Amino acid sequence: MTKTKRTYVRYATKERMAKVNPDNIEAYEKYRRSKIIKDRDKENTTYKQYQSAMNIWFSFLLTHWNNVYILDPEFLEDDIIECIEDFIYFCQEDLSNGKKSINFKLSAISSFYIYAVSRKMNKINHHPFAGVLERMANAKDEKLISEHFMTEEEIN
């Protein structure tokens, strides 16, 4: 499917981010600092994009999931799968994101939880959606850029 017109939605606004659960911001900053220490070359590329994806997720949690703490044991045990599925639907419907973009956001969230498990943050001992939630299928086949060819009249 080719999208002919891209839609840009700024969801993680300054106003929303100011209301995001400060514990979420703190937990993510620990992850981000650790990653940058290990690989400074990715600070302004991968980790900047991950930060953007996480800000969207934090804003989503604020507006749709009562600003839940991302390391809350009850949330991780009972609600994370439903929440991530809600987030995927939100990305599709409200943000008009394609499969590649959604998979990237899921990778950013997953990367945080891999780190959280390795550091036993809040006593987490397993990735909350690894092996349970699948990525968007056929994302590699998705074409984001439309091809437009000029007619002879347009050329003249």
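The values are calculated or read from the model by the stated rules, or taken from the named source; none is laboratory data. Because the structure is predicted, anything quoted here is derived from the model rather than measured. Because the Cβ atoms are built from the backbone with ideal geometry, glycine has one as well, and the counts that use them run over all protein chains shown. All accessible areas refer to the heavy atoms of the entire protein, side chains included, with ligands and DNA or RNA removed. Shrake-Rupley method; radii C 1.70, N 1.55, O 1.52, S 1.80 Å.
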**Item:** Probe 1.4 Å, protein heavy atoms only - accessible area per residue of the range 20-72 in square angstrom
**Value:** 53 Å²
**Prompt:** GluC sites (Glu not before Pro), restricted to the range 32-141: which are DSSP loop and have at most 12 other Cβ atoms within 10 Å?
**Reply:** E134
**Message:** Can you give me the % of accessible surface on the range 76-117 that is carbon or sulfur? Probe 1.4 Å, all protein chains present, nothing else counted.
**Reply:** 42 percent
**Complete:** In vacuo Debye sum over C-alpha of the range 51-137, base-10 log of normalised intensity I(q)/I(0) at q = 0.11, 0.22 Å⁻¹, listed in q order, is -0.27, -1.16
**Request:** Could you pull the accessible area for I114 with a 1.4 Å probe, rounded to 10 Å²?
**Result:** 100 Å²
**Request:** Within the range 1-90, list the trypsin sites (Lys or Arg not before Pro) lying in a DSSP loop whose Cβ has at most 12 other Cβ atoms in a 10 Å radius.
**Result:** K5, R6, R10
**Message:** I need the P(r) histogram for the range 1-94: all alpha carbon pairs, bin width 5 Å from 0 out to the longest distance, whole percents.
**Reply:** 2, 12, 20, 21, 19, 14, 8, 3, 0
